[in-house]
Amino acid sequence: MATKTQSDTQSQPLPELVTEMQAKALDAVSALTQANQRVMQELVELSTTAVKESVRTYAEIQSAALDAAREVPAVPGTRPDATAELRQDPSAWYQKSLLGAVDGAQRTLRLLEANAQIVTRSAERLQASAQRTGKEIQEALASCMSRMRDLSGRN
């Protein structure tokens, strides 16, 4: 594309100059519109991915909680025969209760660990998606800037 010097522009008839300026302005608006469309599309895709990932994470956490709840044995002291067991052998009942409490704490910690792993995996997936979106946006803006430079006749 040959660039026009100031003397070429001054020697051009006014209607041609106006037409050329209108064409360049239209091209510039087109470039900006395309860049805006790509950026918005990427942001919408990122938002959609984030929503899907949130739903997926919530479902995984809920599933882990249900699995943990299914594994919980009856709590000592709540069974109908617990009172009779307490009267017969208080130390055995106390020992069972203590072991049940320790087991419950271990189950809770395993559930918390599983939840932490689920959230970590989710955050990693979201981060990868955000990085891809960032690259796509950078490419869109670089393309727009390149078109603008071409329109202005500068390298």
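Within the stretch 99-114, does at least one residue satisfy the condition of being more than 24 Å from the chain's Cα centre (by Cα), at pLDDT 85 or above and hydroxyl-bearing (Ser, Thr, Tyr)? Within the stretch 99-114, one or more residues are more than 24 Å from the chain's Cα centre (by Cα), at pLDDT 85 or above and hydroxyl-bearing (Ser, Thr, Tyr).
Pull up the stretch 97-130, narrow it to residues that are of a type in the set (Ser, Thr, Tyr) and without any contact (Cβ under 8 Å) to a residue 60 or more places away in the chain, then point me to the one that is nearest to ALA64 (Cα to Cα). My answer is THR108. The residue list ALA84, ALA128, ALA116, ALA65 contains one member that is assigned to a helix (DSSP H, G or I) and touching a helix residue (DSSP H, G or I) at 6+ places or on another chain (Cβ under 8 Å), which is ALA65. A search for C-beta distances below 8 Å between a residue of the stretch 41-61 that is closer than 13 Å to ARG125 by Cβ and at pLDDT 95 or above and any residue that is in a helix (DSSP H, G or I) and of a type in the set (D, E, K, R), counting only pairs 6+ apart in sequence or on different chains, returns GLU53/ARG125.
The values are calculated or read from the model by the stated rules, or taken from the named source; none is laboratory data. Keep in mind that what you see is a predicted model, and the values were worked out from it rather than measured. Quick reminder, even Gly has a Cβ in these numbers, built from the backbone with ideal geometry, and neighbours come from all protein chains shown.
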